[in-house]
Structure formats: C-alpha cells, structure tokens
Amino acid sequence: MIKIKCDYLNGAVAVPTELIDKHLKLAPAASFKVLLFILRNPDGTADARQIGMCTGLSESDVCDCLVFWENNGVIEITGEKISDDAFKSTIGNAKLSAIKEYKIDSTKNETKKIKALPVKKPTQREIAQRLSESPELEVIYKEAQSILGTFGYDTQALILMIYDYYGFPPEVIITLLQHQKCEGKTSSSAIKNRAEDWAKRGIDSLDLVEQELLALEKITKTFNAVKDVAEFSGDVPTARISKFLRTWAVDWECSEELIIFALEESRRILSDTNKLLKKYVQSGIQSSEQIQQKQKKSLPKEIKKTYETEEIGKNSVLDWIKKYADGEENK
C-alpha cells in the first residue's frame with residue numbers, strides 16, 4: 001500500500017479526478033508537473049519561463065505541456081501580463097532563487113527578426129512620388145529638414161526606407177533624428193544603425209522611445225562614473241561596453257558604487273564583472289557595504305594567543321598540569 005504522508009497543515013491543492021482519470025495514462029509525465037504548478041496558483045502564472053524555473057523543466061518542455069493542456073481544454077493562455085504582486089504570490093513554495101533568476105533572465109533584451117533595408121535605394125523620382133502620395137511622410141521630411149538642415153540624397157532615401165520597411169510612426173522617426181542631432185551623429189550610416197537597433201528591439205512607439213532615451217542617458221552617466229576605474233578609453237562607450245552597462249545599470253538597476261566595486265573585485269575583466277553583479281543581484285545585494293558585512297560574518301573569529309601568567313592560570317588544563325607537577329615534587 002502507498003499512502004501520502006502529509007497532514008495538509010499548510011493547505012492543499014485540489015486536482016480534479018476527471019483530469020486524472022482521463023489523462024493519467026496518455027498525458028506526458030512532465031505535463032502533470034506543469035499542471036500541479038498551475039493548480040497551485042489559481043490566480044494565474046506568468047509564462048513558460050517562470051514555470052520552468054520553478055519546476056526544473058526546460059522552457060521548451062513546458063511549452064509542449066501547455067499546448068497539451070490547452071488543446072484538451074484544461075487551461076487558457078492569454079496575452080494578459082501578470083502584475084508584480086500576482087507574480088510573487090504565483091511563485092507559491094518555489095525557491096527564492098527561481099524568482100531572482102526569472103527576473104534577471106526577463107531583463108534580457110529580446111530582439112526580433114526584421115527585414116534588412118534594401119541595398120537599392122529609391123530614386124529621386126520615387127522619393128518625390130511617395131511624398132506626393134503621403135501627407136504624413138511630407139511632415140516627416142519637413143521636420144527632418146528643421147532638425148538636420150539641408151540633407152542630401154542618402155538621408156532622403158534612408159528616411160523613406162525607415163518609414164516604409166520598419167513602419168515607424170512619424171513621431172518615432174522625428175525623435176530618432178533629434179537624438180542623433182543631440183549626439184552629433186547625423187550621418188546616414190549612424191541614423192541607419194540607430195533605426196535598425198530600435199527596429200530589432202521593437203522600439204516603435206513614443207513611449208518606448210522615451211524609455212530608451214532614459215536608458216541611453218543612464219548608460220552615458222554610468223560610463224562617465226566608472227570609466228576611470230574600469231580604464232575605459234574615449235569619451236563615449238563602445239558597443240560592447242554599452243551592452244554591459246545597459247545590463248548592469250538599466251536592466252539590473254545596479255548602483256554606480258556597486259558596479260565600481262565589482263569592477264575592482266574582478267580586476268576590470270568585464271565578463272567576470274558581469275558574473276559578480278549577477279550573483280549580487282540574485283542575492284539581493286545593492287551596496288558594497290552589504291558585501292563587506294557578509295564577508296565579515298563568514299570569517300572565523302580570531303583566536304587570540306597569549307602567554308601571560310594570569311591568562312595561563314585560568315586554563316583548566318594548565319591547572320591540572322600544575323597539580324600533577326606539585327604531586328611529583330612531593331614524592
């Protein structure tokens with residue numbers, strides 16, 4: 001006989017007998033693991049990544065299990081996002097490290113496949129025709145001229161291709177050009193690189209653009225704060241350095257002080273600094289003081305050695321030796 005050994009003092013999860021009777025034989029074994037987690041959190045779970053981290057399954061296996069239960073009408077998958085409070089309660093009895101790992105992984109910039117801008121540029125005639133057809137495009141060109149001044153054929157063609165192929169609305173294109181002007185990078189290649197980056201990361205609305213500009217400002221500020229310690233050269237960060245700084249300062253919200261501490265600890269090796277900061281974030285560490293306090297707690301207490309007569313006299317072993325010596329002398 002096999003019985004469950006639990007008094008349910010901390011609550012219980014009800015599994016409908018119909019699901020067991022109907023699917024126990026044919027359902028993949030992992031699917032019941034996923035189902036138990038979903039039943040444990042009736043208010044909803046975030047996504048396959050969260051379930052995978054809390055159950056130990058791979059994200060692809062979780063996706064297969066979710067498809068199985070959805071096809072059988074057991075669960076419903078919607079595009080609705082889960083709130084932070086709901087996310088915390090959804091975790092149930094999963095380990096805290098799973099929550100932190102999920103949050104860190106969720107900060108990774110997701111890129112999507114986009115069509116590359118065509119090598120062949122539109123002709124002057126085609127540009128003029130498109131301007132006559134689209135009042136919206138005409139507004140973009142007028143604003144571009146006020147921002148950039150008189151610009152040549154390459155930029156004219158580039159703006160049209162960004163509009164047609166990336167589908168950016170006018171306000172996004174205009175803000176992009178304003179940002180490039182502020183940075184002093186108004187060449188057609190610089191504008192193209194920025195537009196391509198935004199398109200890959202899905203920055204296609206004014207709200208997302210504003211968030212991105214705040215992120216770029218924070219990256220620049222962090223670069224200026226840490227460049228002497230990190231021995232960065234130049235006045236602006238390279239693409240590789242920018243990527244690290246975006247992860248540390250924007251995605252993980254590490255303070256400049258913590259980044260500097262990690263850089264010094266890792267001897268300015270960026271990959272090692274990244275590992276250290278990830279470890280700190282997962283441990284909930286936000287300052288170097290917290291690290292130093294943890295290090296002090298982990299150190300063993302120093303054993304003080306002394307040969308002073310008063311201290312020795314207090315030692316019970318030495319007292320016994322004295323008594324034994326006195327006994328020998330009296331013989």
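Which pairs turn up if I take residues in region 1-22 that are more than 16 Å from Asn72 (Cα to Cα) and look for partners that are modelled with pLDDT of 60 or more and surrounded by 10 or more Cβ atoms within 10 Å (Cβ to Cβ) with beta carbon separation below 6 Å, at least 6 apart in sequence or on another chain? Filtered contacts from region 1-22: Val13/Leu39; Val13/Arg40.
This table checks each residue for (1) more than 28 Å from Val281 (Cα to Cα); (2) touching a strand residue (DSSP E or B) at 6+ places or on another chain (Cβ under 8 Å); (3) buried (at least 17 other Cβ atoms within 10 Å of the Cβ).
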position: Gly152; (1), (2), (3): yes, no, no
position: Gly184; (1), (2), (3): yes, no, no
position: Lys192; (1), (2), (3): yes, no, no
position: Asp204; (1), (2), (3): yes, no, no
position: Asn224; (1), (2), (3): no, no, no
position: Glu231; (1), (2), (3): no, no, no
position: Ala249; (1), (2), (3): no, no, yes
position: Phe261; (1), (2), (3): no, no, yes
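When the test is whether a residue is in contact with a helix residue (DSSP H, G or I) (Cβ under 7 Å, 6 or more places away or on another chain), of a type in the set (S, T, N, Q), in contact (Cβ under 8 Å) with a residue 24 or more places away in the chain and closer than 27 Å to Tyr165 by Cα, Ser242 does not pass it. There is at least one residue in region 242-257 that is farther than 26 Å from Glu138 by Cβ, over 18 Å from the mean Cα position of the chain (by Cα) and not small (Gly, Ala, Ser). Screening region 94-111 for residues that are among the β-branched types (Val, Ile, Thr) and over 19 Å from Ile203 (Cα atoms) and picking the one that is modelled with the lowest pLDDT gives Ile99. Suppose we filter region 251-260 for residues that are part of a helix (DSSP H, G or I) and touching a residue at least 60 places away in the same chain (Cβ under 8 Å); how many remain? Matching residues across region 251-260 total 1. Screening region 112-150 for residues that are exposed (fewer than 15 other Cβ atoms within 10 Å of the Cβ) and basic (Lys, Arg) and picking the one that is modelled with the lowest pLDDT gives Lys112.
A Cβ distance below 7 Å, combined with a sequence gap of six or more or placement on separate chains, defines the contacts here; from region 34-45, residues that are touching a residue at least 24 places away in the same chain (Cβ under 8 Å) and in a loop (DSSP other than H, G, I, E, B) reach residues that are crowded, with 22+ Cβ neighbours inside 10 Å and of a type in the set (Val, Ile, Thr) in the pairs Asn41/Thr90; Asp43/Thr90; Gly44/Thr90; Thr45/Ile51; Thr45/Thr90.
Would region 159-179 turn up any residue that is under 23 Å from Phe244 (Cβ atoms) and not small (Gly, Ala, Ser)? Among the residues of region 159-179, at least one is under 23 Å from Phe244 (Cβ atoms) and not small (Gly, Ala, Ser), which makes the answer yes.
The values are calculated or read from the model by the stated rules, or taken from the named source; none is laboratory data. All values derive from a computational prediction rather than experimental measurement. Note: ideal-geometry Cβ built from the backbone for every residue, glycine included; neighbour counts use all protein chains shown.
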